[in-house]
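Presented below is the structure to which this report refers.
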Amino acid sequence: MVVIVVTVMMVVVDSGGGGCDVMLLDMWPSLISKAKEGGIDVIETYVFWNLHELQPGQYDFSGRRDVVAFMKEIQAQGLYACLGMGPYIEAEWTYGGFPFWLHDVPGVVFRSNNEPFKFYMQNFTTMMVNLMKSEGLYASQGGPIILSQIENEYQNVEKAFQEYGPPYVQWAAEMAVGLQTGVPWCMCKQDDVPDPLVSTQFNTRTAIPAFKFDSAEKWEQFEEVIPQFDDTSLRSDILLEHMNTTKDVSDYLWYTSSIQQDSMEQQPTLSVKSLGHVLHAFVNGEHVGSAHGLFRKTSFTLESTVSLHKGRNNISLLSATVGLLNSGSFLEHRTLGVESVITQDNKEAKGEKLQLYSLEGSKSADWSSLGSSQPLTWYKSVFDAPKGDDPVALNLGSMGKGEAWVNGQSIGRYWVSFQTLAGIPSQTWYNVPRSFLQPGDNLLVLFEEETGNPLDITLDTISVSKPPLRK
């Protein structure tokens, strides 16, 4: 809730968050209308730096990235907007919204009184403000934007930057105000925010199964190819860190090694240290174990007794991330991946390279009938769209960890097997925008890293129960 001054009256307005980049463009009118119907006066939205500046100086505002069109839709429906410029947003978004190329800028220290970081932060912020001004979108110009936000919850990490923290807060505030938007700026949960900035503080649903994937005849599967050392295209005598190698293009990185066993079959213990997030181990193509880190401690060790035969043995390790860390200090120094392998394979899973999740790519694999659940398996099924216009969600409560696609569009990573302290998954339903769907023959593809039961997956419609109005 934000308090603002409109003309000479003090007005209390209710605001609600809804980022344009995380909603499909054709969903905007309906969702904004529903927010208005629910009593919302102001729509809050972040600007996702990594979606808009794919490379330094190269900007993309197409499709759902069209912030200008989103602001105009808000205004057309008679609402106001609060624009969170970031450029750091956190927002449960990979790398907190930073583009990964920023990680490779020499000498950069994120969110600090650091000249390389401030240079690129100011460039992006200035570009965004000028774009909004050119379209007359600030309230001072008659537009819907009544408030802007710079940075986000910096106080949580400010002490880690020691003497470089407070000057950065001061600089960010002065930089933002100097852009002269004609509307107030705020910082979220920042007690030492300098004037004139403001420090801000932070329905019952019913799911009805509309389609069940409970028949083996409805599914096909493709087992991910486990690479061997001879298949490698990239080799190194030192560890190649996960993020620097994949550049956030893929969640997956294969490490492979070959061991010559001169004696008869033995069963040594394979011990692999990883900095996170997940690791799957294979010896001679057979799965021998998986492990993962925790939220507060991402590093872990996988230990497994393995069988080695006489001659050459292949060890393949699949390192997987769940996006990049989105909060905390010194993000540019964080590392992920295996610490103990000296040779390394391609950057992505085989099925990912074949784009098995796409309509055309799914035709390129030799799919088999549904069998017993195995790690690193691709699943494919088709379904008809539920009738009506209620929201649709895929219930993945029976699966483990992976990613899901509908008609080639990702609906998100899932990790149902990773449970909260209450012993339940943090999320089981995943929104399927109706614009992704066609009347029939919709393609559903899953990449399951662990094990799961696709037969218990359901496609549910979501309805909102509204109590009767009191007379």
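Of note:
- For region 252-363, the extents of the C-alpha atoms along the principal axes are 49, 40, 20 Å, listed from largest to smallest.
- Charging the Cβ of each Asp and Glu at -1 and of each Lys and Arg at +1, and nothing else, the dipole of region 2-202 about its Cα centre rounds to 300 debye.
- Integer Hz, Karplus 6.51/-1.76/1.60 couplings in order for region 71-83, x for Gly and Pro: 4, 5, 5, 4, 5, 4, 9, x, 10, 9, 9, 10, 9
- Residue pairs exceeding 28 angstrom between C-alpha atoms, taken from Lys118/Lys189; Lys350/Lys401; Lys34/Lys218; Lys218/Lys363: Lys34/Lys218.
- Remark: the chain carries a charge dipole of roughly 900 debye about the Cα centre, counting +1 on each Lys and Arg Cβ and -1 on each Asp and Glu Cβ.
- Spin-label pair Ala76-Met175: with each label point 7 Å from Cα along the Cα-Cβ axis, the two points sit 3.4 nm from one another.
- For the chain, the Kirkwood hydrodynamic radius from C-alpha pairs, put into Stokes-Einstein at 10 °C and a viscosity of 1.306 mPa s, yields a diffusion coefficient of 64 µm² per second.
- Ser271 versus Ser435: modelled label distance in nm, points set 7 Å from Cα along the beta carbon direction: 5.3
- Annotation: for a label point projected 7 angstrom from Cα along Cα→Cβ of Thr335, residues of region 272-289 with backbone N closer than 12 Å are 274-276.
- In Hz, Karplus ³J(HN,Hα) per residue of region 111-128 (6.51, -1.76, 1.60; θ = phi - 60°; x = Gly, Pro): 6, 9, 6, 10, 4, x, 5, 4, 4, 6, 4, 5, 4, 5, 4, 4, 4, 5
- Cut-off under 5 Å, modelled amide H: who pairs with Glu339 long-range: Lys273, Ser274, Leu275
- Here the Kirkwood formula, the inverse mean of 1/r across different C-alpha pairs, assigns region 2-202 a hydrodynamic radius of 17.3 Å.
- Options Ile74, Phe436, Met85, ranked by Cα towards positive dipole end of the chain, top entry (Cβ charges): Ile74
- Amide H contacts under 5 Å for Leu270, placed H, 5+ residues apart: Ser304, Thr305, Val306
- In this structure the amide hydrogen of Lys212, modeled in the peptide plane, comes within under 5 Å of the amide hydrogens of Leu459, none closer than 5 places in sequence on its chain.
- Ranked packing of 273-280, 172-179, most packed first, by mean Cβ within 10 Å: 273-280, 172-179
- Equivalent ellipsoid semi-axes - Cα gyration tensor, region 356-465, angstrom: 21, 21, 11
Read-outs throughout are calculated quantities, based only on the coordinates presented, and are distinct from any laboratory measurement. As the structure is a prediction and not an experimental result, all values here were calculated from the model. Please note: Cβ atoms are built from the backbone with ideal geometry, for glycine as well, and neighbour counts cover all protein chains shown.
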